[in-house]
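Report on one structure; see the data block that follows.
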Amino acid sequence: MLRFTLLIAVILFIGLSSEIYAQDARTQQLVSALDKTKYKKKEKRNISIEFYIDIKNEAAVRTPSDLAGSYESEDRSNSLSLQVDGNGAARGSGYDNLRDHRANFTLKDASITGALLTATKVYENGEQRPFEAVFVNRTVRTGKNSESIASEDTKFGLGFVETHSSSDGAGNTENWTNRVFLMRR
């Protein structure tokens, strides 16, 4: 009987370990997709203008109830109000700016595991979209170049990558992708 119990414990441990690894891998994929570095330099005659921005994200694992709150993008085009219980089950509502209009949504089947939030966004028109986001500490460094940093700022929030398609009615489809960071208010 002891061997059977031990065997079941090992099987459960392996199963849970592989599920946690898969979630950690997905979390890291999302975190990496949110990172961005951009450098531009323009020279004309004897004048040189340089601009550098480096955005790095780090997964922020906290207790689920510590993640409840209001999150909003800097330009206020996206927002999410999130309620979370101690087990990671979540509820929420908010809005997205879908190019030409504000679209309100609620979260369905939302849950948090580690730093990963998964849910389905249900919009007012009935449209449903899968939603994955990651809680991050986001550091933005700006300056002339990577050796001349003028400012560095770290904020906690929720990041995700949204991909949308739009049609012009003439059969032409345009796809666009946007990195979104919602800072905790």
Selection of GluC sites (Glu not before Pro), region 50-112, meeting DSSP coil and at most 16 other Cβ within 10 Å: Glu74
Given pairs Lys56/Lys108; Lys56/Lys144; Lys38/Lys155; Lys44/Lys144; Lys36/Lys144 and cut-off 25 Å on Cα-Cα distance, the over-length ones are Lys56/Lys108
Trypsin sites (Lys or Arg not before Pro) within region 95-139, DSSP loop, no more than 16 other Cβ atoms inside 10 Å: Arg99
Could you work out the relative contact order of region 78-176? I mean the mean sequence separation of Cα pairs under 8 Å and 6+ apart, divided by the number of residues, in percent. 14 percent
Cα lying deepest toward the dipole's positive end in region 2-184, options Tyr39, Leu116, Ala103, charges on Cβ: Tyr39
From the phi of every residue in region 146-156, what ³J(HN,Hα) in whole Hz does the Karplus formula 6.51 cos²θ - 1.76 cosθ + 1.60 yield, where θ is phi - 60° and glycine or proline is x? 5, 8, 10, 8, 8, 8, 9, 9, 10, 9, 8
Determine ³J(HN,Hα), in whole Hz, for all residues of region 83-91 in sequence, where each value follows from phi through the Karplus function 6.51 cos²θ - 1.76 cosθ + 1.60 and θ = phi - 60°; x replaces Gly and Pro. 10, 9, 8, x, 9, x, 6, 9, 9
Could you run the Karplus curve 6.51 cos²θ - 1.76 cosθ + 1.60 with θ = phi - 60° over region 119-129 and give me ³J(HN,Hα) per residue in whole Hz, x for Gly and Pro? 6, 10, 7, 10, 7, 4, 7, x, 5, 10, 9
With 0.36 nm assigned to each residue of separation and the Cα-Cα distance removed, Phe51 to Lys144 gains 33.0 nm
Can you list the residues, at least 5 places off or on another chain, whose amide H is less than 5 Å from the amide H of Ala68, using H built in the peptide plane? Val84
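Any read-out appearing in this document is the output of simple, stated calculations on the displayed coordinates, not a laboratory observation. As the structure is a computational prediction, the values presented were derived from the model and not from experiment. Heads up, the Cβs are rebuilt from the backbone with ideal geometry, glycines too, and the neighbour counts pull from every protein chain shown.
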